[in-house]
Amino acid sequence: MPTEYLLEHGTHHKSVTVLEDHGDRAVLQVGDRRLEVTLRTLPDGRIAVSQDDQRRLYRTFRAGEETVVVRGWTQHAFKLTDARERWLHGTGGRHGDSSGRVTASMPGRVVRLSVAVGDIVAPGAVVAVLEAMKMENDVRSVGGGRVTAVVVQEGVAVESGALLVQLEPIGVE
Amino acid sequence: MHKVLIANRGEIACRVIRACKELGLPSVAVYSDADAQSRHVWLADEAVRVGPAASAESYLSGPRILQAAKDTGATLIHPGYGFLSENASFREQCDAAGVTFVGPGSYAMRQMGIKTLARDTMKAAGVPVVPGSEGPLRDFAEAQRVCLEIGYPVMLKAAAGGGGRGIRLVQAEHELEAAFDGARREAAAWFSDPTVYIEKAIIRPRHIEIQVLADGHGNTVHLFDRECSVQRRNQKIIEESPAPGLSNQTRLAMGEVAVQAARAVQYVGAGTIEFLVDPDERFYFMEMNTRLQVEHPVTELVTGVDLVVEQLRIAMGQPMSVSQATLSQRGHAIECRVYAEDPSRGFLPSPGPLRVYRPPIGPGLRVDDGVVEGDVVSNHYDAMIAKLSAWAPDRPACIGRIRAALNTFEIGGIQHNIEHLLQVVGSERFIAGRYDTGIVGTLPPLHSEPEEDEFAEALAVLLHDRQRRQTVLTQPAADESTWARAARQAGLRTR
């Protein structure tokens, strides 16, 4: 499910489409170029992005509405928007991201799943409940969308960052 | 037991504190309100507030610095460079207060501090000077007469000047009057003294300087040359040692002349004689800096001598630990000055938060800095935040090393000149080692817009980052442990 993003850099902007996103591997399209990248977070906080023949190391920090991407001595400030988020006003949530992946925010046991494949989920809705350290915690989605997969079952233990539920965007137009 | 107060801030304060630690001497930092959280403050054994952010009321205030020395029992004051380092009357106030100023006597500072006096003194000592006016110009008519005598082009310079201010190049007679008035105005504004003098302009000059060291036991040596021709608006940005392409014969002749110059003013301590060198390797005395230079690391890297340690030893009355016969230049060193300034906006100062700051480390690299990641670069002081130096067995290897190091210098949040530094050290003329003070002007302007690939990779990074932020808290900097950080914070709280 390709997702189109708009990256603004100063007065320039470019449309970049995420064709596939598997967390540590992604396929992107910019203009007529198709890039397959693998991503890894290094212990010192840098994010390593590898393509076929090169690897680049990045750091990021927030500056107001923009995120600054630093590679060595270069830095570029970007503002990121995507059509789906704008439509659903899905902002704020903590457990998941705009790629439609709802992930575990901590290691724990899935005590309840609130959605099934085909359900339509509103931004910020509770999709699951995790138990960790004798506490139950709601897992909410960031954006909204239609559930395409429920990856875990009730009662299983999951690691932090594990994919729980996959959503797909609902058409804008 | 001696105790050293460092009357400075930033990288040079940190540099001097390091030498104190190596000598086992307790150190006292001073700071203005803008620097209360600065690196030099927590690096020193003690720290004293000396005033508000404005330099005139803090780092430039002799009485406040002396009071801080008195309060802490400091016996030595190291002035670093800039601020009070070339202030002869401060030196005399130190003497009167019974505190040892780490530097030459006030006689040498005065003789060399007034440029026209320095010229005359050097001429008398047999040191070659650029042909020009005898002492300060009395009026415009005298300026005209001198120019006719020595021939155009000429340079007009402020007698009390330095740092490239109050300087005018005059190509022909019809430009002289406007330049004369302009230089006088600028000299009056910067140095409260409109006096100017004239020198014959050397075409395509190189700026090469000689490091000298003299102790109170009659020993004066030189520590060879530094090439300082890479300048932007008369400010040095890259220095190297040895000067590429300079014949050994000229190098040694310059060294001998520099020793002669230092002896002529009974110099004690570390100092630098700056020369202009023309394409035929004729060299002329330009000025003497009666202090430690910003670019001293390149000399330390090729000679293996710690100049600050020698300064402190000499100030404590000990003989220097080196002799001319044992000194030699080994390998090659290059220093690049990293400034918080914006090359895309005419190199305007770019103060602000250093959100990312991870200088490179590795064999043959040296970083002199006074900041840590998370610091705010203040708009009150100099825009130089770090000096990155590389040493290697030969010049090509050294260029390779400094380029690789610059490329991996992680810095973000402020604008800086690293791309410009890379442009210079990667330029044909620099690599060939055949350049003069005009080199920076020959380079095309920079423009850095992200490529298509970078947009795409940036998106991948942004998305990856979002996921990560849910689970990972802030990472400690690679070069400090969480324990060290916790200890430092605890230390600051109790101060």
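Numerical summary
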{"quantity": "Amide H contacts of A:Ser105 (H built 1.01 Å from N, under 5 Å, at least 5 apart or other chain)", "calculated": "A:Gly161"}
{"quantity": "Shielding by other protein chains, A:61-73, mean Cβ within 10 Å", "calculated": "6"}
{"quantity": "GluC sites (Glu not before Pro) restricted to DSSP loop in segment B:120-194 with at most 11 other C-beta within 10 Å", "calculated": "none"}
{"quantity": "Average partner coverage of A:7-18, which counts Cβ from other chains inside 10 Å", "calculated": "3"}
{"quantity": "26 Å Cα-Cα threshold exceeded, pairs from B:Lys123/B:Lys157; A:Lys14/B:Lys387; A:Lys79/B:Lys387; B:Lys115/B:Lys387", "calculated": "A:Lys14/B:Lys387; A:Lys79/B:Lys387; B:Lys115/B:Lys387"}
{"quantity": "Per-bin percent of Cα-Cα distances, the protein assembly as shown [20 Å]", "calculated": "16, 42, 27, 13, 2"}
{"quantity": "Karplus 3J(HN,Hα) series, Hz, for segment B:58-71 with 6.51 cos²θ - 1.76 cosθ + 1.60 (x for Gly, Pro)", "calculated": "10, 5, 9, 8, x, x, 5, 5, 5, 4, 4, 5, 5, 4"}
{"quantity": "Residue-by-residue Karplus 3J(HN,Hα) for segment B:394-408, coefficients 6.51, -1.76, 1.60, Hz, glycine and proline x", "calculated": "9, 5, x, 5, 5, 5, x, 5, 6, 5, 4, 5, 4, 5, 9"}
{"quantity": "Local electrostatic count at B:Glu134 - Lys and Arg +1, Asp and Glu -1, tallied over other residues with Cβ under 10 Å", "calculated": "0"}
{"quantity": "Signed unit charges on C-beta, dipole axis of segment B:206-442, positive-most listed residue B:Phe283, B:Asn248, B:Gly218", "calculated": "B:Asn248"}
{"quantity": "Shielding score for A:38-50, defined as the mean number of other chain Cβ atoms within 10 Å", "calculated": "5"}
{"quantity": "Antiparallel DSSP beta bridges within the protein assembly as shown, as percent of all bridges there, nearest 5", "calculated": "90 percent"}
{"quantity": "Reduced Cα scattering model of chain B, Debye log10 I(q)/I(0), q = 0.06, 0.07, 0.11 Å⁻¹", "calculated": "-0.29, -0.39, -0.99"}
{"quantity": "Net length gained if the chain between A:Glu66 and A:Val156 were fully extended (0.36 nm per residue, minus Cα distance)", "calculated": "28.6 nm"}
{"quantity": "Estimated Rh, chain A: Kirkwood, alpha-carbon pairs, angstrom", "calculated": "17.5 Å"}
{"quantity": "Cα centre as origin, Lys/Arg/Asp/Glu Cβ charges: chain B dipole, Debye", "calculated": "980 debye"}
{"quantity": "Lys/Arg +1, Asp/Glu -1 at C-beta; chain B dipole; positive extreme among B:Asn407, B:Gly135, B:Val298", "calculated": "B:Val298"}
{"quantity": "Cβ-based net charge around B:Pro450, under 14 Å, with every Lys or Arg adding one and every Asp or Glu removing one", "calculated": "-4"}
{"quantity": "B:Ala386 long-range amide H proximity, modeled H, under 5 Å", "calculated": "B:Val338"}
{"quantity": "Cβ crowding within 10 Å averaged over residues, with B:438-444, B:288-294 ranked highest first", "calculated": "B:288-294, B:438-444"}
{"quantity": "Efficiency of FRET from Cβ geometry, B:Asp45 and A:Asp52, R₀ 45 Å, rounded to 0.05", "calculated": "0.25"}
{"quantity": "Neighbourhood net charge (14 Å Cβ-Cβ; Lys/Arg +1, Asp/Glu -1) for B:Pro194", "calculated": "+3"}
{"quantity": "Reference-scaled alpha-carbon Rg (2.2 N^0.38 Å with N residues) for segment B:4-102", "calculated": "0.94"}
{"quantity": "Overall form of segment A:3-83 per C-alpha gyration tensor (a/c, 1.5; a/b vs b/c)", "calculated": "oblate"}
{"quantity": "Dipole of chain B, positive direction: furthest Cα of B:Tyr152, B:His2, B:Gly182, with charges on the beta-carbon", "calculated": "B:His2"}
{"quantity": "Rounded to whole Hz, the Karplus (6.51, -1.76, 1.60) HN-Hα couplings of segment B:244-258, x for glycine and proline", "calculated": "x, x, 6, 5, 4, 4, 5, 4, 6, 5, 5, x, 5, 5, 5"}
{"quantity": "Theoretical gain in end-to-end length, B:Glu22 to B:Leu446 [0.36 nm per residue, Cα-Cα removed]", "calculated": "148.4 nm"}
{"quantity": "Proxy reagent accessibility, fewest Cβ within 10 Å first, across B:Ser328, A:Ser99", "calculated": "B:Ser328, A:Ser99"}
{"quantity": "Potential extension, B:Ala178-B:Ala36 segment - 0.36 nm per residue separation minus Cα distance", "calculated": "46.6 nm"}
{"quantity": "Kirkwood estimate for segment B:284-339, i.e. one over the average of 1/r between Cα atoms, Å", "calculated": "13.1 Å"}
{"quantity": "Mean Cβ count within 10 Å, highest first, over the residues of peptides A:110-119, B:273-282", "calculated": "B:273-282, A:110-119"}
{"quantity": "Cα gyration tensor shape for segment B:59-158, rounded if a/c is under 1.5, else prolate or oblate", "calculated": "prolate"}
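A short reminder: the numbers here are calculations on the coordinates, not readings from a lab. Quick caveat: nothing in here was measured; it's all calculated off a predicted structure. Note that each Cβ is placed from the backbone with ideal geometry, even for glycine, and that neighbours are counted across all protein chains shown.
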